[in-house]
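**Q** I have a structure I would like to understand better, so I am pasting it below and will then ask my questions one at a time.
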Amino acid sequence: MSHQQRWSKAIVAGIIAMFALQTISIIKPASATRPTTPTNLLIFSWGTTTPVLTSLGLDKVGNGEGAAFNYTVDTIITNDTIAAKFPLIAWETIDVVVVDCFLPKESAELEILMSYLNGTAGKKGLLFFGGNYSHFVSDAIITQFSEVLPADFVANRDIKNTYLNSSWANITGGDPLLMGVYTNYSAGLIKEYNIVDNQVEVSINPVLDTDPNFLFKVPRIAWGSCPLLKERIQTYSPRNSSTDKTVVEVPSTKEPLIIMRDSSYKGRIMFISPGTFIQNKTWDQNKLDEWNKAFALWPYFNYMMYLMARWLDLSVDPTTIESYAEWPYSPIPHFWDAVGWMVFVGSLWVFNFVLFFKLGRASRKRTAAAAAKAAGRPEGAPEIKPEGAEPTIPPKPDVKVEEKPLPEGPDKGPTPG
Amino acid sequence: MLRKIGKWVTITLFVSLALAAVAAPARGIFSNSQVKVGTELKYGVVGTECYVSWNFGIFMNVTYTNETHAFGNITDTSNDHVLLQNGANISLSIFVIRNVTDWNSRPNINNISTSQMLENWDTTHVNPADTGVYEDVTRNTVSINFTIQTTAPQPGAGVVSQNLKITWDNDTGVLVEYDLVQTHPSDQQFSGTWSITLAETTLWGISADVIPSYPLEILLLAVATGICGMLVSKKLRRSAN
């Protein structure tokens, strides 16, 4: 094997090794050393292939060692399976209940669920998504379940109207008629369970944003990159000032979009008014029931689900929850990806330098061989020169430039002056 | 040298004419000093937090006036002008305060002598020389800013603190802004803001038949001067070459 062939093989082997390293780093599964115990989920879902299930399925036990979520087909309850599955729920094993646009239809079953959420029978975490619940359950069920939620989404219209009318009466000296007519009319237009669909911006609660211990902010979730949201359940405020806090709101109206409850005697709840419900039916004035598609495609959505579900699990120390950079399923280069890329880029540099010098040397050898040939030495024979002498550069053969007379004819050049 | 002088004269002329055009009094603004029958007032209503859904528009048209009061119809602007209140006996109350010549003294509201607003009508709370832009026109305004405590009789409601800033147009006496900031000491369900702002009126506005603020003569003069300056400058440069 010649010297040149050896070099060629070495270069090809180097390139293959680099790509192999890169490929390994990309397809590498989640680390087996993730310091977590799975959170057991019970999911009430409007379907079996939903954005929420897809998101939770990323980090599901079975997808990789040390995964965050543990749920099976038995703990996903839909409209078709609730009658058979609800009586079999092993409540003591459940850590977090996910409610995605579906609830038990029977009041008795709902009360059992609520008892595990409000501290009566247990303190399970609740991850509640907005959606068109009216598709599956009655308004009475929704209103009943709203008692456990940290959001005021059934407006107390009478009291609010009284405040508005009273202030007007105080100003005008006892004539609340004008404002009363208006406020009563306005309140009459508000539904008990109101779905709105105007496009809104999203921003984090500025008070919580300054709290260094608050989990749901940069660098974990950059809310500034959240797409505009539309369909949502109308919410007015957190329900309890001491335990309930707005996480994310509409900056112009302060309408809460995500509310968290952190109560020592009731457990934890995350209420997300804009859901990701998608149903090819219409709900109002022929509008397609497709909720916030962009929200589910947002690069932080999957991590948000992971972060919230893990935080809701009271057995998990919040400080041990992986950051967006650490979570293996976030769409960014992680440690081994970064190592792979750095090695790849570094190898490319080395490869390029080696190739550059190798080709340079080969070029010099060819020049020297050509010079030796011109000097009459046999090809490959070393040039004999005194010790310490500078390498000789073969003299260029003299090229005589033959002077040709200029062709005769009319002068077409510019004429000075 | 001559070329430089020409250049600087041109620049100076340009700048001064541009400033003159901007600073020239706005044209095309019409204004009526009196609320009369047929006057229209359209208000936008914005609620936040607990009042986030109380945000429908209010439209009023005056059907009858006397020395002290204006009366009219009230309709909802956001729902095909549903008539909320009809009849000449509905006083527009603080929406229109008529015949106020001295805003330093208490205005006449509904022929009453006591209300929490009137009790707070003093130099501490009233700003008689404010200004604001309403329907693209700067208006002289009068405003009062005070806080009251309001109780709702319903169980569990309690007392809320309500800060009110009410602003009227100085010349016509119509309400231009009503801002309420309500704070419940413990229950966020009852904290929020609610404001009414004048959005459209037939009392004043910008006429659509002329370009406001930029008189055509000055603009033409500025353009002509600029072109002349450029031509002179070019000629001088050519001569120098």
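The values are calculated or read from the model by the stated rules, or taken from the named source; none is laboratory data. Note that the coordinates shown come from a computational prediction; the quantities given were computed from them, not determined experimentally. Here the Cβ positions follow ideal geometry from the backbone for every residue, glycine too, while neighbour counts run over all protein chains shown.
Let's see how each residue does on (1) part of a strand (DSSP E or B); (2) modelled with pLDDT of 85 or more; (3) aromatic (Phe, Trp, Tyr):
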site: B:THR172; (1), (2), (3): no, yes, no
site: B:LEU175; (1), (2), (3): yes, yes, no
site: B:ASP179; (1), (2), (3): yes, yes, no
site: B:SER195; (1), (2), (3): yes, yes, no
site: B:ALA199; (1), (2), (3): yes, yes, no
site: B:ALA208; (1), (2), (3): no, no, no
site: B:PRO212; (1), (2), (3): no, no, no
site: B:ALA224; (1), (2), (3): no, no, no
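**Q** Separate question: In the stretch B:87-128, how many residues are under 17 Å from B:TYR178 (Cα atoms) and part of a strand (DSSP E or B)?
**A** So the count comes out to 4.
**Q** Then there's this: Please go through (1) within 20 Å of the chain's Cα centre (by Cα); (2) more than 21 Å from A:TYR300 (Cβ to Cβ) for A:SER55 and return the number of the only condition it doesn't satisfy.
**A** For A:SER55, the failing item is (2).
**Q** Could I ask something else about it? Which residues, taken from the stretch A:221-260, are among the basic types (Lys, Arg) and either buried (at least 24 other Cβ atoms within 10 Å of the Cβ) or modelled with pLDDT of 95 or more (or both)? Walk me through how you get there before you give the answer.
**A** Keep residues of the stretch A:221-260 that are among the basic types (Lys, Arg), which gives A:230, A:232, A:239, A:245, A:254.
A:ARG232 - this is the single residue of the stretch A:221-260 that is among the basic types (Lys, Arg) and either buried (at least 24 other Cβ atoms within 10 Å of the Cβ) or modelled with pLDDT of 95 or more (or both).
**Q** In the set A:GLY131, A:GLY125, A:GLY119, which member is touching a residue at least 60 places away in the same chain (Cβ under 8 Å), under 18 Å from A:MET304 (Cβ atoms) and in contact with a Lys or Arg (Cβ under 6 Å, 6 or more places away or on another chain)?
**A** Sole residue among the options that is touching a residue at least 60 places away in the same chain (Cβ under 8 Å), under 18 Å from A:MET304 (Cβ atoms) and in contact with a Lys or Arg (Cβ under 6 Å, 6 or more places away or on another chain): A:GLY125.
**Q** Let me ask another. Please verify whether the stretch B:31-48 includes one or more residues that are within 11 Å of another protein chain (Cβ to nearest Cβ) and modelled with pLDDT under 80.
**A** No: the stretch B:31-48 contains no residue that is within 11 Å of another protein chain (Cβ to nearest Cβ) and modelled with pLDDT under 80.
**Q** Does the stretch B:159-198 hold any residues that are among the small types (Gly, Ala, Ser) and either in contact with an Asp or Glu (Cβ under 7 Å, 6 or more places away or on another chain) or farther than 25 Å from A:LYS245 by Cα (or both), and which are they?
**A** Filtering the stretch B:159-198 down to residues among the small types (Gly, Ala, Ser) leaves B:161, B:173, B:186, B:191-192, B:195.
If the condition is that a residue be among the small types (Gly, Ala, Ser) and either in contact with an Asp or Glu (Cβ under 7 Å, 6 or more places away or on another chain) or farther than 25 Å from A:LYS245 by Cα (or both), then B:GLY173, B:SER191, B:GLY192, B:SER195 are the ones that fit.
**Q** Would you please list the contacts, defined by Cβ atoms under 6 Å and residues six or more apart or on different chains, that run from a residue in the stretch B:103-120 that is more than 10 Å from chain A (Cβ to nearest Cβ) to a residue that is in a loop (DSSP other than H, G, I, E, B) and modelled with pLDDT of 85 or more?
**A** So the pair list comes out as B:ARG106/B:TRP121; B:PRO107/B:ILE97.
**Q** On to the next question. So which residues in the stretch A:245-281 are closer than 15 Å to A:ASP152 by Cβ and either touching a Ser or Thr at 6+ places or on another chain (Cβ under 7 Å) or not β-branched (Val, Ile, Thr) (or both), if there are any at all?
**A** Those that are closer than 15 Å to A:ASP152 by Cβ and either touching a Ser or Thr at 6+ places or on another chain (Cβ under 7 Å) or not β-branched (Val, Ile, Thr) (or both): A:LYS245, A:GLU249, A:THR253, A:LYS254, A:GLU255, A:PRO256, A:LEU257, A:ILE259, A:MET260, A:ARG261, A:PHE271, A:SER273.
**Q** Follow-up question, since we're still on this one. Quick one: B:TRP168 ticks every box in (1) in a strand (DSSP E or B); (2) within 14 Å of chain A (Cβ to nearest Cβ); (3) surrounded by fewer than 20 Cβ atoms within 10 Å (Cβ to Cβ) bar one, so which box is it?
**A** So the condition that B:TRP168 fails would be (3).
**Q** Applying the selection to the stretch A:218-248, what residues are more than 9 Å from chain B (Cβ to nearest Cβ), out of contact with any helix residue (DSSP H, G or I) (no Cβ under 7 Å at 6 or more places or on another chain) and not hydrophobic (A, V, I, L, M, F, W, C)?
**A** Within the stretch A:218-248, the subset more than 9 Å from chain B (Cβ to nearest Cβ) is A:218-233, A:243, A:245, A:247-248.
Now narrow it down to the ones that are out of contact with any helix residue (DSSP H, G or I) (no Cβ under 7 Å at 6 or more places or on another chain): A:218-219, A:222-226, A:228, A:230-233, A:243.
Of everything in the stretch A:218-248, those that are more than 9 Å from chain B (Cβ to nearest Cβ), out of contact with any helix residue (DSSP H, G or I) (no Cβ under 7 Å at 6 or more places or on another chain) and not hydrophobic (A, V, I, L, M, F, W, C) turn out to be A:PRO219, A:GLY224, A:SER225, A:LYS230, A:GLU231, A:ARG232, A:THR243.
**Q** Could you grab me the full set of residues in the stretch B:171-190 that are at the interface with another protein chain (Cβ under 7 Å from one of its Cβ atoms) and polar (S, T, N, Q)?
**A** Matches in the stretch B:171-190: B:GLN182, B:SER186, B:GLN188, B:GLN189.
**Q** Among A:THR48, A:THR54, which is part of a loop (DSSP other than H, G, I, E, B) and at pLDDT 90 or above?
**A** A:THR48
**Q** Further question: Restricting the search to the stretch A:86-120, which residues are surrounded by fewer than 18 Cβ atoms within 10 Å (Cβ to Cβ) and assigned to a loop (DSSP other than H, G, I, E, B)?
**A** A:ALA90, A:LYS105, A:GLU106, A:GLY119, A:THR120
**Q** Here's something else I'd like to know. Return only the number of the condition from (1) buried (at least 17 other Cβ atoms within 10 Å of the Cβ); (2) more than 9 Å from chain A (Cβ to nearest Cβ); (3) of a type outside the set (Phe, Trp, Tyr); (4) not in a loop (DSSP other than H, G, I, E, B) that B:ASN145 does not satisfy.
**A** Result: B:ASN145 fails condition (1) only.
**Q** Follow-up. Can you report the number of residues in the stretch A:146-171 which are more than 13 Å from chain B (Cβ to nearest Cβ) and surrounded by fewer than 21 Cβ atoms within 10 Å (Cβ to Cβ)?
**A** Selection size over the stretch A:146-171: 1.
**Q** Let me ask something else about it. Within the set of pairs 6 or more residues apart or between chains, which connect a residue that is free of Cβ contacts under 8 Å to residues at least 60 places away in the same chain and at negative phi inside the stretch B:135-150 to a residue that is surrounded by 18 or more Cβ atoms within 10 Å (Cβ to Cβ) and among the small types (Gly, Ala, Ser) with Cβ atoms less than 8 Å apart?
**A** Pairs found: B:ILE148/A:SER167; B:THR150/A:SER166; B:THR150/A:SER167.
**Q** Of the conditions (1) at pLDDT 80 or above; (2) surrounded by fewer than 17 Cβ atoms within 10 Å (Cβ to Cβ); (3) within 23 Å of A:ASP313 (Cβ to Cβ); (4) of a type in the set (S, T, N, Q), A:THR33 satisfies every one except a single condition; which number is it?
**A** (1)
A quick yes/no check of all residues on (1) β-branched (Val, Ile, Thr); (2) modelled with pLDDT of 85 or more:
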| residue | (1), (2) |
| --- | --- |
| B:TRP54 | no, no |
| B:THR77 | yes, no |
| B:SER91 | no, no |
| B:SER113 | no, no |
| B:TRP121 | no, yes |
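Yes or no, residue by residue, for (1) closer than 23 Å to B:TRP54 by Cα; (2) modelled with pLDDT of 90 or more:
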residue	(1), (2)
A:LEU126	no, yes
A:PHE129	no, yes
A:HIS135	no, no
A:ASP139	yes, no
A:VAL154	yes, no
A:LYS160	yes, no
A:ASN165	yes, no
A:THR172	yes, no
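**Q** Looking at (1) within 9 Å of chain A (Cβ to nearest Cβ); (2) buried (at least 17 other Cβ atoms within 10 Å of the Cβ); (3) among the β-branched types (Val, Ile, Thr); (4) closer than 30 Å to B:SER186 by Cα, which is the one condition that is false for B:THR151?
**A** Exception for B:THR151: condition (2).
**Q** Now for a separate question. Given the structure, is A:THR235 of a type in the set (S, T, N, Q), over 20 Å from B:SER191 (Cβ atoms), touching a residue at least 40 places away in the same chain (Cβ under 8 Å) and in a loop (DSSP other than H, G, I, E, B)?
**A** no
**Q** Another question about this same structure. Take the residues in the stretch A:179-231 that are more than 23 Å from the chain's Cα centre (by Cα), without any contact (Cβ under 8 Å) to a residue 60 or more places away in the chain and not in a helix (DSSP H, G or I); name whichever of them is farthest from A:LYS293 (Cα to Cα).
**A** Within the stretch A:179-231, the match that is farthest from A:LYS293 (Cα to Cα) is A:LEU189.
**Q** Further question on the same structure: Out of all the residues in the stretch A:289-326, which are surrounded by fewer than 22 Cβ atoms within 10 Å (Cβ to Cβ), under 17 Å from the mean Cα position of the chain (by Cα), assigned to a loop (DSSP other than H, G, I, E, B) and in contact (Cβ under 8 Å) with a residue 40 or more places away in the chain?
**A** A:TRP298, A:PRO299, A:TYR300, A:ILE321, A:GLU322, A:SER323, A:TYR324, A:ALA325
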